[in-house]
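First up is the structure itself, then whatever we jot down about it.
Just so it is clear, none of the values below were taken in a lab; they were calculated from the coordinates. This structure is a prediction, so every number in the text was calculated from the model and none was measured. Methodologically, a virtual Cβ is constructed for each residue, glycine included, from the backbone with ideal geometry; neighbour enumeration extends over all protein chains shown.
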Amino acid sequence: MNKQWIQKGLTGIIGMTLVLMTLTLTAWADNTAIEGLWERNDKQVLQIAGDEGLFYDIGTSAWRLYPVKNGDQQLRNIIQISETEWILDSLRYFQQGGERKVAWSETATLTLRDEGQSFVINSQTIHPFTGKLQRSTATYQRLEDAPLPAEEPVVEEPVVEEPVVEEKPAPVTEEKPVIIAESEDSSSEVFDSGIRMGWSKNDQALGYRVFRSTSRDDLGLSVTDFYITATRFVDVNVEPDTEYHYTVLPVLAEAKPLENIEERLGNAIAKFTKKTGSRITHVGEEKGFIILQLDNPMMIVNGETQEIDPGRGTTPIVVNGRSMVPIRAIVEAMGGKIHWDGSESKISLHARNQVVDMWLNQNQVHRNGNADQMDVAPISQSGRTFVPIRFASENLDAKADWINSTKEIVIVYTK
């Protein structure tokens with residue numbers, strides 16, 4: 001009697017299990033409800049292919065992967081909590097050197113509305129640049145006139161027996177990753193205060209993002225909160241004796257937070273790998289930089305290109321073998337002020353908690369009231385005062401480096 005009850009109990013359990021499995025597979029099999037082409041209010045089109053679980057945002061050339069699996073494959077990272085609602089995990093990708101690289105992750109809730117003619121995605125995103133949690137909502141409408149390509153019917157052809165020919169297996173060749181090598185238009189160099197890099201201009205770019213990582217296989221984080229406009233950059237916020245991997249991506253469109261539109265980046269245009277030296281100073285302190293170049297009227301301040309002397313074409317010059325720089329542009333870029341006293345030909349600087357007085361064509365200089373001597377006197381050219389680059393490091397509590405290969409002066413200072 002007990003055996004009969006046990007057998008009935010087991011039969012019931014097995015039957016219930018089969019019913020639950022059938023219900024589960026039925027729920028998962030209904031992914032066609034979200035397949036097709038969808039359009040957002042900003043005209044960006046989203047293609048959803050349930051079999052592959054691949055969301056391709058045509059408007060931004062960016063991939064969103066929702067790992068939805070069908071058939072006998074394991075179902076992961078998606079839970080259908082009702083007939084019209086799904087909970088999903090996604091990864092955001094960028095194309096980099098021919099490969100897709102993960103940039104950040106999202107969790108999202110997708111809700112079908114209007115009898116399947118629209119859906120809303122509520123996302124929570126960990127931003128790759130700031131690490132902050134961001135929430136966003138996007139609404140998509142189904143595009144009836146642009147369905148996914150229909151599958152062609154399978155036509156069975158008569159089977160024709162052919163002689164079996166043994167084929168030798170093709171030799172296995174190891175696929176090598178795409179490497180963007182340094183060229184005349186892209187170069188990098190280590191100097192005492194950090195790493196200097198440059199790349200060719202991208203005509204479609206609004207600016208550039210420089211990503212840095214200590215791992216070759218990781219894109220890392222953007223070195224600045226904002227995109228930069230220059231095609232040259234120096235990374236001065238680095239650790240000594242450390243190898244860094246840099247990837248430069250062009251910014252093709254700005255973010256529009258109020259419209260839930262993210263910044264659009266293109267494929268990598270340059271890569272650099274460099275190891276810093278042991279002479280890095282002020283480790284752990286935030287530092288800024290200024291790049292000036294001989295015979296170039298433009299300078300770069302923390303990645304932003306600007307004119308040294310707007311409308312006047314002022315450039316750094318060489319006098320008797322010494323590189324001389326226009327001091328007003330440097331002081332103002334550091335947030336300081338400069339005053340000219342024509343009666344004494346006296347220049348007074350107030351910058352970085354320093355008060356410096358100097359006189360044209362005189363080697364004498366006063367720093368915070370203490371008299372000293374300059375090895376090269378300030379000169380005036382076209383109404384602008386020029387001082388040797390060593391002046392910046394000696395009198396403004398900064399460090400000046402000369403990059404001989406590019407004829408650049410890099411001034412590094414703590415913020």
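Figures for the structure shown
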| read-out | value |
| --- | --- |
| DSSP-assigned coil residues among trypsin sites (Lys or Arg not before Pro) in the range 178-266, each with at most 13 further Cβ atoms within 10 Å | Lys201, Arg216 |
| Spin-label model distance (nm) - Lys201 vs Val120, 7 Å beyond Cα toward Cβ | 4.6 nm |
| Trypsin sites (Lys or Arg not before Pro) within the range 305-357: DSSP coil, no more than 14 neighbouring Cβ in 10 Å | Arg312 |
| Extension reserve of the Glu83-Glu304 stretch, reckoned as 0.36 nm per residue once the Cα distance is removed | 74.4 nm |
| Where N is the number of residues in the range 286-415, Cα Rg divided by 2.2 N^0.38 Å | 0.98 |
| Cβ-based net charge around Leu252, under 10 Å, with every Lys or Arg adding one and every Asp or Glu removing one | -1 |
| Coarse-grained scattering of the range 179-283 at q = 0.12 Å⁻¹, given as base-10 log I(q)/I(0) from a Debye sum over alpha-carbon atoms | -0.41 |
| In nm, spacing of pseudo-spin labels at His339 and Asp192 (7 Å Cα→C-beta vector) | 3.2 nm |
| Sequence-separation-based contact order of the range 286-415, relative, with Cα cut under 8 Å and 6+ spacing, percent | 23 percent |
| For the range 301-312, Karplus couplings with θ = phi - 60° (6.51, -1.76, 1.60), whole Hz, Gly/Pro x | 10, 6, x, 9, 7, 8, 6, 4, 9, x, x, 10 |
| Inter-site label distance for Thr139 and Arg384 at 7 Å from Cα along Cβ, in nm | 5.4 nm |
| Where only alpha carbons of the range 317-390 are counted, the Rg and the Dmax (Å) | 11.6, 31 |
| Modelled FRET efficiency - R0 22 Å, Val319 with Ile403, Cβ distances, 0.05 increments | 0.70 |
| Chymotrypsin sites (Phe, Trp or Tyr not before Pro) within the range 226-287: DSSP coil, no more than 14 neighbouring Cβ in 10 Å | Phe226 |
